[in-house]
Amino acid sequence: MKPEELYVHAKNALEHSYCPYSNFPVGCAILYKDGTVITGVNVENVSFGATNCAERTALFTGVTKGYQKEDVEMLVVAGKTDYFLPPCCLCRQVLVELCPADTPIYLSNNKGELKETILRDLVPLAFTEM
């Protein structure tokens, strides 16, 4: 699957975002090496600490389905921003724990453009050795 195809999954997931407080929907799609795509969205809560981001929702769903770190092929983040939308710092640390260091991560903007990076470059000083 091409990154542009995975982007469509992340973009479509935006419809399911629950963001009544920020009005900032985010979608994420993860491609696993067996061809499975798992999506996630941000789910907010009035107690902001209980909010979960799209990237973590997708990653945690993958773990629930039995996927492991080495099973991740690539990840796309989608939102409605003019800039390339990156994962927050909390999500970056979770990505370090649950994805290989060389995982391609595609950031998108509201024009559908993609910017490629890899996890190691997105989190150069992670808590765990990469």
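Key figures
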item	result
Out of His16, His9, sole residue that is open to solvent by 10 Å² or more (accessible area, probe 1.4 Å), in contact (Cβ under 8 Å) with a residue 60 or more places away in the chain and not aromatic (Phe, Trp, Tyr)	His9
Selection status of Tyr21, crowded, with 16+ Cβ neighbours inside 10 Å, assigned to a loop (DSSP other than H, G, I, E, B), modelled with pLDDT of 95 or more and on the phi < 0 side of the Ramachandran plot	no
Positions within the range 35-73 being farther than 20 Å from Ala13 by Cα, in a helix (DSSP H, G or I) and open to solvent by 50 Å² or more (accessible area, probe 1.4 Å), in sequence order	Phe48, Gly49, Ala50, Lys69, Glu70
Residue check, Leu85 part of a loop (DSSP other than H, G, I, E, B) and open to solvent by less than 20 Å² (accessible area, probe 1.4 Å)	yes
Top-ranked residue of the range 24-52 - restricted to ones that are at pLDDT 95 or above and among the aromatic types (Phe, Trp, Tyr), ranked as nearest to the chain's Cα centre (by Cα)	Tyr32
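Rundown of residues vs (1) of a type in the set (D, E, K, R); (2) touching a Ser or Thr at 6+ places or on another chain (Cβ under 8 Å); (3) at positive phi; (4) part of a helix (DSSP H, G or I), yes/no style:
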| position | (1), (2), (3), (4) |
| --- | --- |
| Val76 | no, yes, no, no |
| Arg92 | yes, no, no, yes |
| Glu97 | yes, yes, no, yes |
| Ala101 | no, no, no, no |
| Leu125 | no, no, no, no |
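The values are calculated or read from the model by the stated rules, or taken from the named source; none is laboratory data. As the structure is a prediction and not an experimental result, all values here were calculated from the model. When we count neighbours, we look across all protein chains shown, and the Cβ atoms used for this are built from the backbone with ideal geometry, even at glycine. Just so you know, the surface numbers come from the protein's heavy atoms only, side chains and all, with ligands and any DNA or RNA stripped out. Shrake-Rupley method; radii C 1.70, N 1.55, O 1.52, S 1.80 Å.
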